[in-house]
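The values are calculated or read from the model by the stated rules, or taken from the named source; none is laboratory data. The structure displayed is predicted, hence computed values, not measured ones. Cβ atoms come from the backbone with ideal geometry, glycine included; neighbour counts cover every protein chain shown. Ligands, DNA and RNA are stripped out before the accessible areas are found, and what is left, the full protein with its side chains, is counted by its heavy atoms. Shrake-Rupley method; radii C 1.70, N 1.55, O 1.52, S 1.80 Å.
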Amino acid sequence: MTTRATQRPGVFLLLAAVLLTVAVQPAAATLHPVDYLALQAVRRALTDLPGSGFFASWDFTGDPCGFAGVSCSGDGRVVTLALGDPRAGAPGLSGAFPSAALARLSALSSLSLVPGRVSGGLSSAVAALPSLRSPFSPALRTVDLSKNSFSGRIPSSLLQIRSLRTLVLSHNSLSGEIPKTVSSPLVHLDLRNNRLSGGVPPLPVTVVYLSLAGNRLSGRVGGVLRRLTRLSFLDLGGNWFSGEEPGEVFSFRIGYLQLRKNAFSDELRPAGRLPSGSTVDLSHNALSGRVPAELASAAAVYLNGNKFAGAVPAEIVAAAEGGRMRVLFLQDNFLTGISVRGLPSSAPVCAHWNCVAPPPTVVAACPAKGGRGRRRPPAQCGGRRG
């Protein structure tokens, strides 16, 4: 029979093994001193706007890797810096962009800044990014500086970061041309609502999301767009682009195609059909010829403010009558045939100011502010019959 005395050596050995195991477990990594000082400089440069409490957790008597917006690697380097409260409608930050501080974060892979009043020249800000110091450094994958007060030109070095996938600079005051060389393997590029001018340079075939809306860009873009076969979102609205709209784009898997308020002209010749349920907005251009039947697969089609002529294709009429096309805007064209008999109550279809009076069902479906029921004077229709 075993006694307690004979059990004790085994117990002691087991306890010693447990203590030894605990003793050799690595301690949590401490933030690198260089990154610690960089975060302190960021905090000195930026402040919360009234109503924002983003920096409340930035107490440097604790662990900075636990601060709001800060993520660290296992070896104690800052890898993600998301500045500001990301909740919708939350106040942002103000101050001068802390370029010098960011230059010290050599492992930074993601940098974002919520909408606010942070200012500075983008060139100096980008020049500070650690990924630009060496092509072999752990480069940035995401840069989001949207909805702030950055000005100046987009530095060419920014679009040559070898690991950059997402670049969002929308809603700032950036000016000048888009750099002519874009070698970053971008997937998401958003430059909308700035003051950019000139043409669009060749873009990487990796682009899936492209928004350049609300700038002063001009010229032809067909050659650029034809190469972007992976596009699922395209917004070029509110620029001065001209020439034909490349028909190849309609064969891509684009769920949102926005080319409104430009100077695109000539006939529209889609090379395929967009995915079912997509949105197509080609309004307020100078497109001519007949309305393509290939648009029947879309859920919302805006062709108003162009020079389309002839009759609306039966496929498009059937899609509207069947409720598969929820919006169809055809007003302010030169159409001579609009044979829509019945429409679901939820389907707004507008066709006024053409060379034929819209059917009563269409008049009832069109919003009143659109001037429903009117047709063009015969003198404007140049012999077109309706």
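Of the residues 129, 111, 140, 122, which single one is of a type outside the set (Gly, Ala, Ser), open to solvent by less than 40 Å² (accessible area, probe 1.4 Å) and at pLDDT 85 or above? Among 129, 111, 140, 122, only 111 is of a type outside the set (Gly, Ala, Ser), open to solvent by less than 40 Å² (accessible area, probe 1.4 Å) and at pLDDT 85 or above. Criterion first (modelled with pLDDT under 95 and touching a Leu at 6+ places or on another chain (Cβ under 6 Å)) does residue 306 satisfy it? Answer is no for this residue. If the condition is being touching a Pro at 6+ places or on another chain (Cβ under 8 Å) and either farther than 16 Å from residue 269 by Cβ or in a strand (DSSP E or B) (or both), then the range 224-248 contributes 224, 227.
Selection of first residues in the range 250-266 that are small (Gly, Ala, Ser) and of second residues that are open to solvent by 60 Å² or more (accessible area, probe 1.4 Å), restricted to Cβ pairs under 9 Å at least 6 apart or on distinct chains, gives the following pairs, ordered by first then second residue: 251/229; 251/271; 251/273; 263/240; 265/244; 265/307. The single condition among (1) part of a loop (DSSP other than H, G, I, E, B); (2) open to solvent by 30 Å² or more (accessible area, probe 1.4 Å); (3) out of contact with any helix residue (DSSP H, G or I) (no Cβ under 6 Å at 6 or more places or on another chain); (4) modelled with pLDDT under 95 that residue 275 does not satisfy is (2).
One residue stands out among those in the range 328-354 that are within 35 Å of the chain's Cα centre (by Cα) and of a type in the set (A, V, I, L, M): the one that is farthest from residue 284 (Cα to Cα), which is 343. Quick check, is residue 232 modelled with pLDDT under 95 and open to solvent by 10 Å² or more (accessible area, probe 1.4 Å)? So residue 232 fails the test. Every condition in (1) over 18 Å from residue 262 (Cβ atoms); (2) out of contact with any Ser or Thr (no Cβ under 6 Å at 6 or more places or on another chain) holds for residue 149 except the one numbered (2). Among residues of the range 289-339 being of a type in the set (D, E, K, R) and in contact with a strand residue (DSSP E or B) (Cβ under 8 Å, 6 or more places away or on another chain), the one that is least open to solvent (accessible area, probe 1.4 Å) is 307.
Consider the range 34-70 and keep the residues that are touching a residue at least 12 places away in the same chain (Cβ under 8 Å), open to solvent by 30 Å² or more (accessible area, probe 1.4 Å) and of a type in the set (Asp, Glu). The one that is farthest from residue 93 (Cα to Cα) is 63.
The residue that is surrounded by the fewest Cβ atoms within 10 Å (Cβ to Cβ), counting only those in the range 74-102 that are touching a helix residue (DSSP H, G or I) at 6+ places or on another chain (Cβ under 9 Å) and closer than 17 Å to residue 163 by Cβ, is 77. When the range 269-289 is filtered for residues that are in contact with a Leu (Cβ under 6 Å, 6 or more places away or on another chain) and among the β-branched types (Val, Ile, Thr), only 280 remains.
Restrict the check to the range 324-331 and report whether at least one residue is farther than 27 Å from residue 226 by Cα and of a type in the set (D, E, K, R). Scanning the range 324-331, I find at least one residue that is farther than 27 Å from residue 226 by Cα and of a type in the set (D, E, K, R), so the answer is yes. Taken together, 184, 163, 197 contain a single residue that is surrounded by fewer than 20 Cβ atoms within 10 Å (Cβ to Cβ), modelled with pLDDT under 95 and touching a Leu at 6+ places or on another chain (Cβ under 9 Å), which is 163.
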